[in-house]
Each structure stands twice: as C-alpha cells, then as structure tokens.
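Inspection log for the structure reproduced underneath, given as structure tokens.
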Amino acid sequence: MKTTMTSFAAGAALAAAVLMGAASAQAQKKYDPGASDTEIKLGQTVPHSGPGSLYGVIGRTQAAYFQMLNEKGGINGRKITFLTLDDSYSAPKTVEATRRLVEQEEVLALFGSLGTGPQTAVQKYLNGKNIPQLLLNTGAGRWNDPKNFKWTTPGLPLYPTEGRILARYLLQKKPDAKVAILYQNDEFGRDYMNSFKEILTEAGGKVKVVAEASYDLTDPTIDSQMINLSKSGADVFYNISTGKATSQSIRKVAELGWKPLHLLVSTSSGRSILNAAGADNAIGIVAASYTKEVGSPKWADDPDVKGFQELRTKYLPNVDQDNTIAFQGYSQAVTMGRILEKCGDELTHANVLKQATSLAGYKAPIFLPGITYSTSPDDYSPIKTLFIGTFNGKDWDLDTKPVSQ
C-alpha cells in the first residue's frame, strides 16, 4: 500500500510539473492580433495597376518568397499569410485597403508598402492603432521621425540623404555647373530637390540652378518639360523622376541631342527602367547606388542573387532576370523574414517594431559590399552610405569608395 501511495504521489507530482511546464511555455508566447501558434499575417498596399503598376512586382515577388518559406515550414513553425492589395498609387484607395488589412484581416504588421503620398495618407491611422508600418518603399525624410511616428520606418535611403550626396559629387565634378531639374510634383520630388539645393547654397552658389520643370505622375508624357529644360543652357540635368517618366526623359535627352552630365536618382536607376529607355541612351548617366545590379554578370555567382534567381525561375517565370525592382522586393521580404524570426514567440506589435528598428549592421541581400542598415530605435534612417556609379550601357562602373552624407 505504501508503494502504491508513493507511486501515486510521484505520478501526481510529475503531472503537475508537466502542467506547470506547459503553462510556463504558453506564458512565454505572446501574441497580438495577426499572430498565433500556426500563423503570422502580414499586409501591404502597392500599385498593381495604374500609373505606378511597374512597382507591383514588389508585392508579387514577396508573395512568392513567403510561399516558398511556407513550403519549407514557415518561420519558427508558423506559416505566413501575406496580403498584397492594389491601391493604384491612389491615396484614397490606400486608405480603404489599409483599413481592410487592419480592421477586417487583422494583420500583425504592414511592410513594403509603396509611395510617399499614399503612405502619408495612412501614417497617422496606423500609428494611432500601434500597427507597424515597416520598410516602406519610399525614402521621404518624414519617415525618420521616431518621436512622433514611432511605428513607421523607411526601407530606402532617405531622399534628402541622396540629394546631399549628389550635390557634393557635382560640386567636385563641375564646380561652375548650370543645372536643369526635372522633378515629380510631390514630396518625393521636393525632398530630392530641396536637399540638393541646400548643399549648393551652403557651398556659396557657384553651381547654379538655371531651370526647373515639374510633372505629375498621371501626365502621359514629359516632352514639353524636357524641351524647355534643354533650351536653358544647362550643362547638368538632375533627373528626379520615376517609372515611365524616367524612361521617357532619358529617351528625350538622346532625341534632342542634349549632352548634359545626367544625374539620376537611385530609385529609378534599375535596369528595367533603363532598358525601357534604351540602354544605349542611358550611357554616361550618373547615379548613387547601394544595390547589386541583378542582371550584371559580375553578380551572377553571388549567393543572394542566385537565391533570387532560383525563386524567380520557379515562381515568377514572367519576371525578367534583370528586374532590379523585383530583386528589391525579394531583399525586403528576406529582411522582414529575419525580423519575424528574431521575434521568436513574442509576436506582438511592440516586439516586431523593436526588431525592425534594431537592424544596424545587417546586410540585406540587395546591398553592395560595404553597405549595411543603420537603423536604430532613435534613428530610422536605414542607409547613410552610397556609391556613385556611371552607367556604361551594360552595367554601373562604381567608384571604389562609398560616400556618406
């Protein structure tokens, strides 16, 4: 009888220990809406249609990456549900789609959404609900504001950072330059232009801006702007454009026989845009860069490029192998996966933000050697160092040393 009672007591103690251990393990797991033992739900808005549809490939590539991860078991045993909604680069549609993601789909976080105007329209809403708005595909200076908008982080070099770097390059290259500027008529264009002008003013004004012309994203062509700029007497063309406007402007410079030093913003220096303009027309363009050129033979054996090409071949066969925009989407998806992996079993809004703002020193797949994230909880500026490169018709000839703002 004594033996029986001892066995019973031991069994009871073991059961209690198991229960306590299970309770402890359960207690260590923390979830906000959008996460569970089996799922992590993410969302984004990008233009799958409309004037910015060129960038819809970002969402398609990221969806493919998460599909591949899920087929391999997900992240820490959880499958990723990724919802990439079309906002047509229209702020009202962005608001509608973002509300759906938060209020109906209850995503844990949004990431990789695109466009300064569209994302500005939902910034206060998302911050008011403590929903992470991460790795935005826009480099507006407004995104580096952890004090007032701590839930929003940029995913690109800040436009003011790049504008200052290009201005300093120009001061060294052509100290008496006359500059004509084409800029997109929104915060994107003004951020690039104003920071560029600031440095010229600080330098004493020897480099002068002699002409400016703006365009709207919905304009069918920018021919008239380009004709007027070419007649200005400028020997430098600062091209702050995106998508089809960039391709049109590069072609028009060639058609007009204008031979300025052509400075192009990094967001529009990918091969898909240059190819649409005609690669020969783009020879001699100068741009700041922080990314590997995915279609270049020099990166063919790079492990990160090979990883992207394997994904593209299997899941996105209609995407060109040199599509830098798609590679950017892939790189951001890998980075978001790393953030979630570091969250472990604490999948809360607060911990996702904590991991996303602690990326300093991390080298994303698309980054050139020597470039890493600089993001910290007090400074969301993601990349502060860039290389200056010149396009040779097939690839970018990069300077040997990077430059900082």
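Bear in mind that the values in this text are calculations on the coordinates, not laboratory data. On a predicted model such as this, the values are computed, not experimentally measured, just so you know. Cβ atoms come from the backbone with ideal geometry, glycine included; neighbour counts cover every protein chain shown.
Quick notes
- Above-threshold pairs, the threshold being 19 Å between Cα atoms, out of Lys306/Lys342; Lys173/Lys401; Lys173/Lys259; Lys41/Lys306; Lys292/Lys394; Lys244/Lys298: Lys306/Lys342; Lys41/Lys306; Lys244/Lys298
- Protection proxy ranking, highest mean first, for peptides 110-116, 58-64, 221-227: 110-116, 58-64, 221-227, where packing is the per-residue count of other beta-carbon atoms within 10 Å, averaged.
- Packing-based ranking, highest mean first, of 40-48, 340-348 given that Cβ atoms within 10 Å are counted: 40-48, 340-348
- Nearby aspartates and glutamates by direct alpha-carbon distance to Lys178 (threshold 14 angstrom, same-chain neighbours under 8 apart not counted): Glu212, Asp235
- Applying the Karplus relation 6.51 cos²θ - 1.76 cosθ + 1.60 with θ = phi - 60° to segment 38-48 yields 3J(HN,Hα) values of 10, 9, 10, 10, 10, x, 6, 10, 9, x, 7 Hz, where x marks Gly and Pro.
- Full-stretch length increase - Lys147, Tyr125 - with 0.36 nm per residue and alpha-carbon distance subtracted: 6.3 nm
- Separation in nanometres of the label points that stand 7 Å from Cα toward Cβ, at Asp379 and Lys208: 3.7 nm
- DSSP bridge pairs, the chain: antiparallel proportion in percent, nearest 5: 25 percent
- Computed label-point distance, nm, for sites Ala91 and Gln67 using a 7 Å Cα→Cβ extension: 3.5 nm
- Nonlocal amide H pairs with Glu212, under 5 Å, H built at 1.01 Å: Ile181
- Given [x] 36, 23, 19; [y] 46, 21, 20; [z] 42, 28, 17, the label whose value is semi-axes √(5λ) of the Cα gyration tensor in Å derived from this model: [y]
- In plain terms, the chain from Asp302 to Lys259 could stretch by 11.9 nm, reckoned as 0.36 nm per residue minus the Cα-Cα distance.
- Trypsin sites (Lys or Arg not before Pro) within segment 224-302: DSSP coil, no more than 16 neighbouring Cβ in 10 Å: Lys231
- Database remark: amide H of Lys79 closer than 5 angstrom to the amide H of Glu39, Ile40 (H placed geometrically; neighbours at sequence offset of 5 or more, or on other chains; Pro and chain starts carry no H).
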